[in-house]
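Here's the structure, in structure tokens; my notes come after.
Any read-out appearing in this document is the output of simple, stated calculations on the displayed coordinates, not a laboratory observation. Note that the structure is a prediction, hence the values are computed from the model and not measured. Reconstructed Cβ throughout: ideal geometry from the backbone, glycine too, with neighbour counts over all protein chains shown.
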Amino acid sequence: MGAPVILCGKTEQIGQGVIATLKPEYDVIHFVMSPASGAVQIPAILRGDQQPPSDSRLGSKDYSKPPVAVILGAAFDDGDTAVMMEAAAGIKPIPWLRPDLTKATPPVGPEYGKALVARIKVLLAQLEKEGKMNEETVQWY
């Protein structure tokens, strides 16, 4: 099983593809669909809650190991990210990954998810190599 991560996205349809493409390196244990629900769910998961609230059926729901990162999709803006990060501040520092919207991506669809996941995997490997997986920072992919 891959390293546990939390994925934030507005649609389960795109989320499903991203989750499948993140495997086998990463296991999406929880899928967050809105900033409001993320502000409740992410802190619960970071505290080690084995049955956090959920508004999605996606994710392995394996909360036995804490997540190593929170990955946000393009639908989550600066304000959304701030709401969730503030709610989770100081519980367990991990990187929050956000898409760099200045980088070219394919149109939304199967290739879009694959392109972003490739960038996510590169960034997570880089953060791990640099020893930055225990820092509460925003990282751009």
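Of K23/K92; K61/K103; K92/K114; K23/K103, which ones are farther than 27 Å apart at the Cα?
K61/K103; K92/K114
Find how many whole Å separate the alpha carbon centroid of region 19-68 from the alpha carbon centroid of region 76-136.
14
Test of understanding: express the Cα radius of gyration of region 3-140 as a ratio to 2.2 N^0.38 Å, with N the residue count.
0.95
Region 71-134: which trypsin sites (Lys or Arg not before Pro) are DSSP loop and have at most 11 other beta-carbon atoms within 10 angstrom?
Loop-located and lightly packed - K103.
By how many nm would the segment from A82 to A115 grow when fully extended, if each residue of separation counts as 0.36 nm and the alpha-carbon distance is taken off?
9.4 nm
Return the sequence-ordered ³J(HN,Hα) values of region 95-106 in whole Hz as given by the Karplus equation 6.51 cos²θ - 1.76 cosθ + 1.60 applied to θ = phi - 60°, using x for Gly and Pro.
x, 10, 9, 10, x, 7, 6, 7, 7, 5, 9, x
Whole-Hz ³J(HN,Hα) for each residue in region 3-20, computed from phi via Karplus 6.51 cos²θ - 1.76 cosθ + 1.60 with θ = phi - 60°, x for glycine and proline: what do you get?
In residue order, the calculated couplings are 5, x, 9, 9, 10, 10, x, 7, 10, 5, 4, 5, x, 4, x, 5, 4, 5 Hz.
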